[in-house]
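The values are calculated or read from the model by the stated rules, or taken from the named source; none is laboratory data. All values reported here derive from a predicted model rather than from experimental measurement. Note: ideal-geometry Cβ built from the backbone for every residue, glycine included; neighbour counts use all protein chains shown.
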């Protein structure tokens, strides 16, 4: 069983090195993306909402005072279709923006119970990336032990070791994340680790 856990940690380390969202040598300038499949949703959702708003505004202005420029012929001949496009854009934008937040909060491991024995978050005061990493770890608190926070500025050796790559997350005495938490990898670690006996 111990060999299985070591093997899983080695696999996790390989996945982490292959991940494009994290840097092993320096901190990322912004939090890593949650998942590749949902990364486009905020952009697409916002674009759809803006398209719907633009069509609705143009239709309102055209009805009130007329537009100072010509629109395509279908604008004047098939106005109901344009109203439908505006409503569909609003609905699509709402769905895309809403589905992303619902997706990220709905994940559940197939087996209940705590994994791992120790989770340490190396941080420092005023680190917004550290706050973001802690928020992600807290989302999975049902599967993780209590998070121990260590301020690297209290220990010169830690400050030298982690100064350019906080937050650093250590799970069971192995550094698995630097610069942020890759949520996909964290889920895989949780799923692939046997719940510990209580």
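Taking the criterion of being within 19 Å of residue 148 (Cα to Cα) and part of a loop (DSSP other than H, G, I, E, B), the residues of the stretch 161-198 that qualify are 163, 165, 166, 167, 172, 173, 179, 180, 181, 182, 196. One residue stands out in the stretch 176-198 among those that are over 16 Å from residue 136 (Cα atoms) and in contact with a helix residue (DSSP H, G or I) (Cβ under 9 Å, 6 or more places away or on another chain): the one that is surrounded by the most Cβ atoms within 10 Å (Cβ to Cβ), namely 193.
Return yes when residue 109 is in contact with a helix residue (DSSP H, G or I) (Cβ under 6 Å, 6 or more places away or on another chain) and part of a loop (DSSP other than H, G, I, E, B) and no when it is not. For residue 109, the condition - in contact with a helix residue (DSSP H, G or I) (Cβ under 6 Å, 6 or more places away or on another chain) and part of a loop (DSSP other than H, G, I, E, B) - is met.
Candidates are the residues of the stretch 153-168 that are surrounded by 15 or more Cβ atoms within 10 Å (Cβ to Cβ) and within 23 Å of residue 183 (Cβ to Cβ); the one that is farthest from the chain's Cα centre (by Cα) is 162. As for the stretch 139-151, it holds no residue that is more than 17 Å from residue 110 (Cα to Cα) and within 16 Å of the chain's Cα centre (by Cα). For first residues located in the stretch 151-165 and in contact (Cβ under 8 Å) with a residue 60 or more places away in the chain, partners that are part of a helix (DSSP H, G or I) and surrounded by 15 or more Cβ atoms within 10 Å (Cβ to Cβ) and lie 6+ apart or on another chain with Cβ distances below 9 Å do not occur.
Can you spot a residue in the stretch 64-84 that is surrounded by fewer than 13 Cβ atoms within 10 Å (Cβ to Cβ) and modelled with pLDDT under 80? Scanning the stretch 64-84, I find no residue that is surrounded by fewer than 13 Cβ atoms within 10 Å (Cβ to Cβ) and modelled with pLDDT under 80, so the answer is no.
In the stretch 135-159, of all residues being in a helix (DSSP H, G or I) and in contact with a strand residue (DSSP E or B) (Cβ under 6 Å, 6 or more places away or on another chain), the one that is farthest from residue 185 (Cα to Cα) corresponds to 152. Among the residues making up the stretch 117-133, those that are farther than 14 Å from residue 163 by Cβ and surrounded by fewer than 18 Cβ atoms within 10 Å (Cβ to Cβ) are 117, 118, 120, 128, 131, 132.
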